[in-house]
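S.K.: Mind looking over this structure? Questions follow.
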Amino acid sequence: MSTIESPDEISLIKACSNGDNKAFKKIYDKHSPTMYSICLRYMKNEDEAKDALQEGFIKVFKNIEKFTFSGSFEGWMKRIFVHTSIEQIRKRKTHLDVSELNSNELKLTSKIETGTMDAEKMMTLVQQLPDGYRTVFNMFIVDGYSHREISEYLGINENTSKSQLFKARKQLQEWLKDWF
């Protein structure tokens, strides 16, 4: 076993593996804010993020016995929530839209006040990106996947991943120019 997890966390994980509902709740209470923020980054709105959060925790609890204690439990969970969010996008669209969109088609649906850009405002901007741009941006910039990993997971060409990231950055820069 790794020393990454505290003894309390290890006992909670083991209890969950044995079907202890109280341990499930403790893990949910501890990790749901972080996992919700991951879902919110990938999804377009709070309702979709809540659905992804619920689905992700179902997967965590169904597969918790597969956690091997060879790395961080939170890191293991984060991968599940990233993948769950991407699956939710796929279900909604049948396939990830990675088509070329011109900047005239990209409009902010909400007005953000001028001033200093904080994390919440940046999140709002990222959520306005088309699914393909937003997914690749989050996977590469925030979650640290390589373009090769992104292309394999999403079933797209590696150059398409690079192109989507470039376009996401370009669009975000355009939107940010309006505030600074």
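S.K.: Just one of 65, 5, 74 is surrounded by fewer than 14 Cβ atoms within 10 Å (Cβ to Cβ), in contact with a helix residue (DSSP H, G or I) (Cβ under 8 Å, 6 or more places away or on another chain) and either within 24 Å of residue 120 (Cα to Cα) or of a type in the set (Asp, Glu) (or both); which is it?
M.R.: Just one listed residue meets the conditions, 65.
So that you can scan it fast, the table gives a plain yes or no per residue for (1) at pLDDT below 90; (2) within 24 Å of residue 76 (Cβ to Cβ):
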| site | (1), (2) |
| --- | --- |
| 115 | yes, no |
| 125 | yes, no |
| 135 | no, yes |
| 138 | no, yes |
| 167 | no, no |
| 177 | yes, no |
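S.K.: On the basis of being modelled with pLDDT under 90, more than 15 Å from residue 43 (Cβ to Cβ) and either in contact with a Gly (Cβ under 6 Å, 6 or more places away or on another chain) or not assigned by TED's automatic domain parsing to the domain that holds residue 40 (or both), does residue 111 make the cut?
M.R.: yes
S.K.: Quick check on the range 130-175: of everything there that is assigned to a loop (DSSP other than H, G, I, E, B) and either in contact with a Gly (Cβ under 6 Å, 6 or more places away or on another chain) or not hydrophobic (A, V, I, L, M, F, W, C) (or both), which residue is surrounded by the fewest Cβ atoms within 10 Å (Cβ to Cβ)?
M.R.: Looking at the filtered set, the residue picked out is 144.
S.K.: Cβ contacts < 7 Å: first residue closer than 12 Å to residue 130 by Cα and in contact (Cβ under 8 Å) with a residue 24 or more places away in the chain, restricted to the range 164-177; second residue surrounded by 13 or more Cβ atoms within 10 Å (Cβ to Cβ) and of a type in the set (A, V, I, L, M), any location; separation 6+ or different chain. Result?
M.R.: Correct list of pairs: 164/98; 164/136; 165/136; 168/129; 168/136; 171/106; 171/129; 172/125.
S.K.: Can you pull out every residue in the range 44-62 that is of a type in the set (A, V, I, L, M, F, W, C) and surrounded by fewer than 18 Cβ atoms within 10 Å (Cβ to Cβ)? Outline the logic, then answer.
M.R.: Here is the first cut: in the range 44-62, the residues of a type in the set (A, V, I, L, M, F, W, C) are 49, 52-53, 57-58, 60-61.
Once the filter is applied, which keeps residues that are of a type in the set (A, V, I, L, M, F, W, C) and surrounded by fewer than 18 Cβ atoms within 10 Å (Cβ to Cβ), the range 44-62 yields 58, 61.
S.K.: For residue 92, are the conditions met, namely being part of a helix (DSSP H, G or I), more than 16 Å from residue 143 (Cβ to Cβ) and at pLDDT below 95?
M.R.: Yes, satisfied.
S.K.: Which of the residues belonging to the range 53-83 are among the hydroxyl-bearing types (Ser, Thr, Tyr) and either farther than 17 Å from residue 8 by Cα or in a helix (DSSP H, G or I) (or both)?
M.R.: Within the range 53-83, no residue meets the criteria.
The values are calculated or read from the model by the stated rules, or taken from the named source; none is laboratory data. Given the structure is predicted, the values throughout are model-derived calculations rather than measurements. With ideal geometry, Cβ positions are generated from the backbone for all residues, glycine too; neighbour counts draw on all protein chains shown.
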